[in-house]
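The values are calculated or read from the model by the stated rules, or taken from the named source; none is laboratory data. Bear in mind that the values here come from a model prediction, so they are computed numbers and not experimental data. Positions of Cβ are generated from backbone atoms using ideal geometry, with glycine treated the same way; all protein chains shown enter the neighbour counts. When the accessible area is computed, the model is the full protein with side chains, heavy atoms only, and any ligands, DNA or RNA have been set aside. Shrake-Rupley method; radii C 1.70, N 1.55, O 1.52, S 1.80 Å.
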Amino acid sequence: MTILPPVRKLTIVAKDPGLRIGGTGPMVFAQVDVPAEILAPGPTGYRIKVVDYNATERRAYADRKRYQDQLELLDPFVPGAGETLDDPGYQARVLADPNFHSQNCYAIAMRTLGLFERALGRRVSWSSGGHQLHVAPHAFALANAFYSEADRALMFGYFFDSEGKPIFTALSHDIVAHETTHAVLDGLRSRYTEPSGPDQSAFHEGLADIVAILSIFSLREVVAAGLGKPPRLPGPGEPMMLIAAEGVTAHAIRHSILLGIGAEIGLTSGAGRGALRQSVRIRPDPEILDRPHMAEPHNRGEVLVAATMHAFVELWTGRIAQLGTFRDSTYNLAAVVDEGVKAASQLLQMAIRALDYCPPTDIDFGQFLAAMLTADRELVPDDSRFGYRGTVKASFAAFGIVPPVGQCDAEGCWPRFDRADQLTYARSNAEAMTRDVDESFRFLWENRDALSISEHGYTEVVSVDPSLRVDPDGIPFRETICQYIQMAHFFGAELQTLLRIKPLPEGFTTRTSADLFGGGVIIFDQYGRVKYHIANCLVDGPRQRRRLEYLRDTGQLRGRRDDARSRFANLHLARMED
Ligand SMILES: [Zn+2]
């Protein structure tokens, strides 16, 4: 019988080729945990299939590495005898091997998917419906990387710097994690790529950067190197390394580690993305989202990143303050790094869990914040030790992001469903409702009045997902998340009669038509009772008017949904060329 350990180690570039020990020394490599599986060439596993075809050169690179010997799992790029991960000779040899770029993509994509699955307490599907997402580590000779829904693939390009040296986007942790997050988010919330208000496309970019950046903090090597220290921290029994207290204040962290690791590959050639670097520079300003240049999705997404990173620095320094100092005002470096790892991991889990509490269409930043606070309160009612929710709420408010006014409770959370007495459960099978979209739809349709779900338009339950998490006391916490969407193609006349949009927005006539979206999530508790109903109603005149005016002003009203392939490609190309 085959018995595999739960995880295996694989070597990756810890952040990207730009992060170097001591600023100019060797690059920072790391050996990371990846779910253990017997890999086919590629590497190809149960969720990721690396296909190393270069469309520019019309050439495929064969994978000749061995990832296992019988049942012993191997890391083909482990340093040889007498070598370490920091040896320049070892690094040069590994970096020149295209198979290493493939392994780097595979490992980071699997780790990113794993973050979502752990936080949500279930398997997460790709939006394409297939099991294996394709990954092309040398897709084309272009300074671009993107997720292509049509190809079910992540495409990573490469380009040449001013000295003619190739720069591979496949070697950047940020870029691989960012693109993988687009693919995962598209699987969870496929309607977030529809034209909507200013926040929705910004949200895709912002969340992809938040996941990319916070997940880097799980690598202790990167945190240590970012603090200007050697990446290999002392092990048990080795002498402690110290760091001065003034090196880990909020100000110092922002200016050393965040800006330091914010330097990204390709910046020298002017083709870098540098999202972290930019978002760290955004100063708190409650009116920032109203500024004209913040209508652009990347700029706007960076405000969401800035608010999250602001919260991260507050949480990390709060945790450091609870550590003991030595007489000369120094901290144990390993303990400081560990607190950063914990703060980043918890904040990232909060952000990911929030997705289950976000409406499936027309998301805005305030709703995401309310979802983050609500999901966290459900799992961790007592937040008094480190005050995560208060810190997140205050940090977001400093960037003008507040829970939807008039829709949330005093803590900024979504209110519990309060019309339970009007619901009928008698005709639904509670057990079937937790896994069957038709049974859930029957419940939803029979209770449409109590749930305020409109009869107009097309309504579909798109997913019913169990979520099993373990609370801080170790007790399993079970919910079912039922996601439904509503769509309608309405003419101006219907906007007037059904949605009471009177007068019609400027530029609209009774014969102008547009696609409208709505929908919600119903969170069932462990007894199958409705706990939350979080929705953007289809028939909501003021909301739909705001969206239509925004689409009109940004020229998106006539255009149908873009080809999914070109949408992300163009978004990212625009950013690379910034
Ligand atoms: Zn992106």
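State whether one or more residues within the range 295-303 are out of contact with any helix residue (DSSP H, G or I) (no Cβ under 9 Å at 6 or more places or on another chain), farther than 26 Å from Ala225 by Cα and without any contact (Cβ under 8 Å) to a residue 12 or more places away in the chain. Can you show your working first?
Going through the range 295-303, the residues out of contact with any helix residue (DSSP H, G or I) (no Cβ under 9 Å at 6 or more places or on another chain) turn out to be none.
There is no residue in the range 295-303 that is out of contact with any helix residue (DSSP H, G or I) (no Cβ under 9 Å at 6 or more places or on another chain), farther than 26 Å from Ala225 by Cα and without any contact (Cβ under 8 Å) to a residue 12 or more places away in the chain.
Any idea which residue in the range 504-518 is least open to solvent (accessible area, probe 1.4 Å), counting only those that are polar (S, T, N, Q) and outside any strand (DSSP E or B)? Of everything passing the filter in the range 504-518, Thr512 is least open to solvent (accessible area, probe 1.4 Å). Across the range 437-469, the number of residues qualifying as farther than 21 Å from Tyr192 by Cβ, of a type in the set (A, V, I, L, M), in contact (Cβ under 8 Å) with a residue 40 or more places away in the chain and surrounded by fewer than 19 Cβ atoms within 10 Å (Cβ to Cβ) comes to 1.
Within the range 424-436, the residues that satisfy the criterion of being modelled with pLDDT under 90 and surrounded by 14 or more Cβ atoms within 10 Å (Cβ to Cβ) are Tyr425, Ser428, Ala430, Ala432, Met433, Thr434. When the range 68-92 is filtered for residues that are in contact with a strand residue (DSSP E or B) (Cβ under 7 Å, 6 or more places away or on another chain) and either outside any strand (DSSP E or B) or open to solvent by 60 Å² or more (accessible area, probe 1.4 Å) (or both), the ones remaining, listed by number, are Leu74, Asp75, Phe77, Val78, Leu85, Gln91.
Under the condition of being more than 16 Å from the ligand (Cβ to nearest atom) and acidic (Asp, Glu), which residue from the range 532-562 is modelled with the lowest pLDDT? This residue is Asp553. I want to confirm something. Restricting to the range 186-231 and keeping residues that are of a type in the set (D, E, K, R) and touching an Asp or Glu at 6+ places or on another chain (Cβ under 7 Å), which single residue is farthest from Ile485 (Cα to Cα)? The selected residue is Asp199. Scanning the range 519-542 for residues that are part of a helix (DSSP H, G or I) and open to solvent by less than 30 Å² (accessible area, probe 1.4 Å) returns a single hit, Gly541.
Residues of the range 192-220 that are away from the ligand (no atom under 16 Å from the Cβ), of a type outside the set (A, V, I, L, M, F, W, C) and either in a loop (DSSP other than H, G, I, E, B) or surrounded by 24 or more Cβ atoms within 10 Å (Cβ to Cβ) (or both): Glu194, Pro195, Ser196, Gly197, Ser218.
With a requirement of 2 or more residues that are under 24 Å from Ala40 (Cα atoms) and in contact (Cβ under 8 Å) with a residue 40 or more places away in the chain, the strands (runs of 3 or more DSSP E) lying completely within the range 132-173 that satisfy it span 133-140, 145-148, 153-160. Kindly evaluate Phe326 against the criterion of being in contact (Cβ under 8 Å) with a residue 24 or more places away in the chain and either open to solvent by less than 30 Å² (accessible area, probe 1.4 Å) or within 30 Å of Pro195 (Cα to Cα) (or both). Answer is no for this residue.
From the list Arg547, Arg552, exactly one residue is in a helix (DSSP H, G or I), open to solvent by less than 60 Å² (accessible area, probe 1.4 Å), basic (Lys, Arg) and over 30 Å from Lys342 (Cα atoms). Which is it?
On the way: Arg552 fails: open to solvent by less than 60 Å² (accessible area, probe 1.4 Å).
Exactly one of Arg547, Arg552 is in a helix (DSSP H, G or I), open to solvent by less than 60 Å² (accessible area, probe 1.4 Å), basic (Lys, Arg) and over 30 Å from Lys342 (Cα atoms), namely Arg547.
Can you say whether Phe399 is open to solvent by 50 Å² or more (accessible area, probe 1.4 Å) and of a type in the set (Phe, Trp, Tyr), as far as the supplied structure shows? Taking the combined requirement at face value, the residue does not satisfy it. Taking the range 221-243 as the range and being open to solvent by less than 40 Å² (accessible area, probe 1.4 Å) and either more than 18 Å from Pro17 (Cα to Cα) or within 16 Å of the ligand (Cβ to nearest atom) (or both) as the test, the residues that pass are Leu233, Pro234, Gly235, Ile243.
Specify the residue that is farthest from the chain's Cα centre (by Cα); the eligible residues are those in the range 178-188 that are open to solvent by less than 10 Å² (accessible area, probe 1.4 Å) and either at pLDDT below 90 or closer than 23 Å to Gly520 by Cβ (or both).
Step one: of the range 178-188, the residues open to solvent by less than 10 Å² (accessible area, probe 1.4 Å) are 178-186.
Restricting the remaining residues to those that are either at pLDDT below 90 or closer than 23 Å to Gly520 by Cβ (or both) gives 184-186.
Numbers: Val184: 8, Leu185: 7, Asp186: 10 Å.
Among them, the one singled out is Asp186.
Is it the case that Val176 is under 27 Å from His293 (Cβ atoms), part of a helix (DSSP H, G or I) and not aromatic (Phe, Trp, Tyr)? So Val176 fails the test. Here's a check for you: in the range 149-177, which residue that is open to solvent by 30 Å² or more (accessible area, probe 1.4 Å) and within 15 Å of the ligand (Cβ to nearest atom) is farthest from Val135 (Cα to Cα)? The extreme case among them is Glu149. All of (1) open to solvent by 10 Å² or more (accessible area, probe 1.4 Å); (2) touching an Asp or Glu at 6+ places or on another chain (Cβ under 7 Å); (3) more than 15 Å from the ligand (Cβ to nearest atom); (4) not small (Gly, Ala, Ser) hold for Phe146 with one exception: (3).
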